[in-house]
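First the structure, in the form of structure tokens, and then the observations on it.
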Amino acid sequence: MTVLQALLAFSAAAALLTITPGLDTALILRTAAVEGPRRAALAGAGIIAGCLVWGAAVALGLGALLAASELAFTILKWAGAAYLVWLGLNLVLRPRERFDLGAASDAAAGSGLAWMRRGFLTNLLNPKVGVFYVSFLPQFLPKAAPAGPFIFGLAALHGAMTVVWFAALIAATRPIAGALRRAAVVRWLDRLTGGLFLAFGLRLALERR
């Protein structure tokens, strides 16, 4: 896989993952609807900062490990593949019936810094983000690319996509929130994302160094 092919494949996968609703989406939608677009944007900036911290941690530690050890690569490959297949099967077989904006209902009024901190901690204190980055990002690492810088670059690209998505959420809070309350929409997104996880999990299992 060339660098261009890796970037194109990652962009397609990350775009779908970005728009799949989760806690971050709930926080942005509710903050925009209740507290206004400025605080929602600050919360979004905090969320993206948290993703970049996880991306840096994965790039530094994982990059060194992959470069040094064939055994570590093999263990990580199978662990990542198993994790992605497990996530995919759960989403395909048990998609959600609704997306609850109440997941972010504990957000209280505060300063701009407080909103940014809330978004930052939402991601930084969520180990699932780190586990996901560890299992997902290495799949798009070309053979000729340095592991650490390239993996962090992918995390930064994911962050840039998230900026665009959060801006769209804030600009169209009511229509998007309404669509995400429909069971059919939530089921479709979950199954589509689950199928993507399964495909990439199987691809990772068959990948050779």
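The values are calculated or read from the model by the stated rules, or taken from the named source; none is laboratory data. Here the structure is a predicted model, which means the values were calculated and not measured. As a convention, Cβ positions derive from the backbone with ideal geometry for all residues, glycine included, and neighbour counts pool all protein chains shown.
Taking the criterion of being without any contact (Cβ under 8 Å) to a residue 12 or more places away in the chain and crowded, with 16+ Cβ neighbours inside 10 Å, no residue of the stretch 115-129 qualifies.
Which of the residues spanning the stretch 1-44 are touching a helix residue (DSSP H, G or I) at 6+ places or on another chain (Cβ under 6 Å) and free of Cβ contacts under 8 Å to residues at least 40 places away in the same chain? Answer for the stretch 1-44, where residues must be touching a helix residue (DSSP H, G or I) at 6+ places or on another chain (Cβ under 6 Å) and free of Cβ contacts under 8 Å to residues at least 40 places away in the same chain: there is none.
Scanning the stretch 130-157 for residues that are farther than 18 Å from G61 by Cβ and either of a type in the set (V, I, T) or crowded, with 20+ Cβ neighbours inside 10 Å (or both) yields no hits at all. Considered as a group, the residues in the stretch 174-193 that are surrounded by 15 or more Cβ atoms within 10 Å (Cβ to Cβ) and at pLDDT 80 or above include one that is farthest from A33 (Cα to Cα), and that residue is R191.
Tallying residues that are part of a helix (DSSP H, G or I), at pLDDT below 75, among the small types (G, A, S) and farther than 22 Å from L157 by Cβ within the stretch 98-141 yields 4. Taken over the stretch 1-44, residues that are among the small types (G, A, S), surrounded by fewer than 17 Cβ atoms within 10 Å (Cβ to Cβ) and outside any loop (DSSP other than H, G, I, E, B) amount to 5.
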